[in-house]
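Here is the structure we will look at.
The values are calculated or read from the model by the stated rules, or taken from the named source; none is laboratory data. Since we're looking at a predicted model, the values are computed, not measured. Ideal geometry is used to build each Cβ from the backbone, glycine not excepted, and the neighbour counts take in all protein chains shown. Accessible surface is based on the protein model in full, side chains and every heavy atom, while ligands, DNA and RNA are left aside. Shrake-Rupley method; radii C 1.70, N 1.55, O 1.52, S 1.80 Å.
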Amino acid sequence: MKHVCDKTTGKRYIDHPERVANADETDLSGNKVRSRGYAPKGAAAPSRNKWSETNVTAFCWTAPNGYVFPDVYIREGKYWTKNWLAHARAGSVGIFREDGYFMTQEVFLSLLAQMTKMIPGGVTPEFRFMLLLDGHVSRVHPDVVKEAKRIGFDLFLLPSHMTHVLQPMDYFYGTVKRAYYKKLKQARALKPNEAVPVEAKIKLWSEAMNERLDAEYVQQGYDKLGIFPPSVPKALARLRNLKGDAGVEYKAPDDVVRSTPARQLVEQLKHRKKRKRSSSKPEVVKQLVSEFESVRETDAVDDDNGEDGQSPKKKPRVAGFGRWLTSEGYEKATKQIEAARQAQKDLKQAQKDEKKKLREEKEAARKAEVAARKAERARKAAEKKANEAAARAAKAQTKNTVARRAQASKKR
């Protein structure tokens with residue numbers, strides 16, 4: 001980019017930062033915002049479905065001299081039913097797409113036509129303009145490239161998978177989106193049962209853009225990334241943590257020349273220490289293995305040479321431990337390992353039996369407690385019935401006594 005110039009006029013873009021811009025789009029749906037919905041007990045919970053909202057995409061672009069161009073909003077539909085851009089930044093326009101609100105080559109062609117009207121001085125084949133873009137398929141479509149060349153745009157695509165490091169708009173979107181999501185979360189909290197309309201999202205996005213993006217911050221962003229003025233050391237400083245000064249010709253060290261970032265990553269992974277993992281082997285097995293691994297890596301030789309004076313005999317190799325061990329020692333170790341494993345199994349089985357016994361005891365105690373409660377409830381019910389019967393009998397006796405006295409007084 002440092003040596004790219006307007007082929008028609010012969011002027012280098014590095015001398016005219018106002019004729020260079022980086023552009024990128026972002027989704028304003030705000031579905032990453034997570035918030036809980038609260039409702040009284042027994043009432044229907046408020047809906048928190050963000051996909052039911054009408055969404056919109058914002059296409060933003062800035063120039064290295066600090067100028068922030070008006071936004072272009074992409075929305076699904078055929079025409080504006082009302083003034084959705086009432087609260088947008090000055091000069092912003094809208095583009096409709098019938099089958100969605102994402103970027104396509106047709107939408108990008110419409111964007112090029114709108115951008116020519118927003119650029120101060122316009123764009124013509126004689127007065128060209130450079131766009132720094134990512135490698136999205138909408139930018140590299142043959143129709144887009146042909147139309148951009150005809151209008152007067154020079155499309156400069158940033159390296160693939162490096163836009164998060166080299167693209168200024170991605171750098172600016174970080175701080176703008178944090179402010180936008182905060183505002184959007186507050187708007188949803190005020191009316192949890194209602195969807196946020198498109199005009200409100202555009203208003204919140206415009207407020208975030210005005211608060212976070214100014215000329216000084218934009219200039220610092222382009223300079224920090226090494227995009228404008230072009231600085232290879234600054235770009236590599238973000239990519240490989242290499243330091244460099246602006247304006248100094250960069251000379252890569254020998255180790256960087258000989259190796260690529262992918263190879264460097266492979267070498268780092270190759271020499272990285274392996275993570276220690278816990279082993280399920282019994283302690284006896286671990287001890288035996290550590291003892292066997294401590295054996296020197298030399299050939300074990302018999303003390304007795306052959307009768308015919310031949311060379312000493314090598315004892316059989318045990319492949320399991322990768323060391324030279326005697327066959328008797330291997331058999332002994334095998335038996336000890338099997339015994340240790342069997343002891344481990346027996347211990348686990350005993351623990352299972354003990355847990356099962358505890359569960360059975362708890363269940364029996366629970367059943368006994370339930371039976372005692374039932375008996376207590378039955379005793380109280382019987383006692384209550386007896387008390388009620390005694391009360392009825394006493395009441396009847398009192399009534400009979402009163403009746404007899406009344407009868408006796410009449411006879412007198």
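Miscellaneous remarks
- When 154, 24, 15 are compared by accessible surface with a 1.4 Å probe, the order from highest to lowest is 15, 154, 24.
- Rolling a 1.4 Å probe over the protein heavy atoms gives the stretch 349-405 an accessible area of 94 Å² per residue.
- Across the stretch 154-211, the volume of the C-alpha convex hull divided among the residues equals 125 Å³ per residue.
- Given their separation in residues at 0.36 nm each and the Cα-Cα distance between them, residue 403 and residue 207 gain 61.0 nm when the chain is fully extended.
- FRET efficiency for residue 411 and residue 377, using Cβ-Cβ distance with R0 set to 56 Å, rounded to 0.05: 0.60
- Accessible area (Å², per residue) of the stretch 72-127, counting only protein heavy atoms and a probe of 1.4 Å: 54
- The stretch 68-148 shape via C-alpha gyration tensor axes, a/c threshold 1.5: oblate
- For the stretch 400-412, Karplus couplings with θ = phi - 60° (6.51, -1.76, 1.60), whole Hz, Gly/Pro x: 5, 5, 5, 5, 5, 5, 5, 5, 5, 5, 5, 5, 5
- The calculated FRET efficiency for the pair residue 189 and residue 67, based on their C-beta separation and a Förster distance of 41 Å, comes to about 0.70.
- Using θ = phi - 60° in the Karplus curve 6.51 cos²θ - 1.76 cosθ + 1.60, the 3J(HN,Hα) couplings for the stretch 356-364 round to 4, 5, 5, 5, 5, 5, 5, 5, 5 Hz; x is entered for Gly and Pro.
- Solvent-accessible area of the stretch 160-202 (1.4 angstrom probe, protein heavy atoms only): carbon and sulfur portion equals 56 percent.
- Efficiency of FRET from Cβ geometry, residue 140 and residue 182, R₀ 45 Å, rounded to 0.05: 0.80
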